[in-house]
Amino acid sequence: MPTILLQTDTTVGFLSQESETLFEIKSRQQIKPFLKLYSSFRSFKADCNRVPTSQKKLVRRSKKTTFVVKNRAFRVVKLSLNSQIIRDFSWQYSTSANESGKKFDYKFCEEKSDIIIEDKRGLTEQNSSTILKINSKKIGKLR
């Protein structure tokens with residue numbers, strides 16, 4: 001599976017369906033999992049995921065927000081890229097495009113990526129998504 005470098009809805013990110021590849025690229029501890037980026041709510045549900053009924057409206061209407069439910073982080077995002085490469089996958093592991101604990105470096109990312117997708121926005125480091133931990137009764141902001 002390829003490792004893709006692209007501008008996500010929040011910041012520059014690596015996408016891959018192989019978490020081991022992303023752990024290696026980022027030199028990251030394996031106890032810290034990656035979030036799953038879904039292309040639609042249909043693919044999110046097909047991956048046997050559930051959101052507490054009381055929080056469904058929040059999840060559906062949110063933008064640039066990562067949710068954690070039962071220690072699984074996910075985000076449903078509509079990528080503006082009309083790329084066949086992205087549409088072929090219903091989900092991808094996602095992480096910011098940098099070495100763990102460091103800033104975005106284009107050279108580093110270029111060396112570690114199999115595919116680079118750049119649109120008119122270019123590749124720029126921006127603010128990360130908000131992270132909310134949710135359950136049926138409460139919402140906690142992690143970032």
Item checked: Residues located in segment 29-41, provided they are without any contact (Cβ under 8 Å) to a residue 40 or more places away in the chain and surrounded by 13 or more Cβ atoms within 10 Å (Cβ to Cβ) -> 41
Check: Just checking, how many residues over segment 125-142 are exposed (fewer than 10 other Cβ atoms within 10 Å of the Cβ) and either over 18 Å from residue 68 (Cβ atoms) or under 18 Å from the mean Cα position of the chain (by Cα) (or both)?
Finding: 2
Margin query: For the list (1) at pLDDT 90 or above; (2) surrounded by fewer than 16 Cβ atoms within 10 Å (Cβ to Cβ); (3) part of a loop (DSSP other than H, G, I, E, B), I need the number of the one condition that residue 48 fails.
Written below: (1)
Checklist line | Residues of segment 90-134 classified as at pLDDT 90 or above, polar (S, T, N, Q) and over 15 Å from residue 22 (Cα atoms), total | finding: 1
Next item on the list: Could you please tell me which pairs satisfy a Cβ distance under 9 Å, a separation of 6+ or placement on different chains, a first residue in segment 42-67 that is more than 14 Å from residue 132 (Cα to Cα) and touching a residue at least 24 places away in the same chain (Cβ under 8 Å), and a second residue that is charged (D, E, K, R) and surrounded by fewer than 13 Cβ atoms within 10 Å (Cβ to Cβ)?
Entry: 49/72; 54/137
Check: Of the residues 64, 26, 102, which single one is of a type in the set (D, E, K, R) and at positive phi?
Finding: 64
Notebook entry, point to check: So which residues in segment 29-45 are assigned to a loop (DSSP other than H, G, I, E, B) and over 12 Å from the mean Cα position of the chain (by Cα), if there are any at all?
Noted result: 29, 30, 31, 32, 40
Notebook entry, point to check: Considering segment 9-28 alone, what residues qualify as being in contact (Cβ under 8 Å) with a residue 12 or more places away in the chain and not in a strand (DSSP E or B)?
Noted result: 9, 10, 11, 17, 18, 19, 21, 22, 25, 26, 27, 28
Margin query: Taking the conditions exactly as written (over 29 Å from residue 139 (Cβ atoms) and exposed (fewer than 12 other Cβ atoms within 10 Å of the Cβ)), does residue 70 satisfy them or not?
Written below: no
Next item on the list: With the checklist (1) among the aliphatic types (A, V, I, L, M); (2) surrounded by 13 or more Cβ atoms within 10 Å (Cβ to Cβ); (3) free of Cβ contacts under 8 Å to residues at least 60 places away in the same chain in hand, flag the one item residue 117 doesn't pass.
Entry: (3)
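The values are calculated or read from the model by the stated rules, or taken from the named source; none is laboratory data. What you are looking at is a predicted structure, and each value in this text was computed from that prediction instead of being measured. Because the Cβ atoms are built from the backbone with ideal geometry, glycine has one as well, and the counts that use them run over all protein chains shown.
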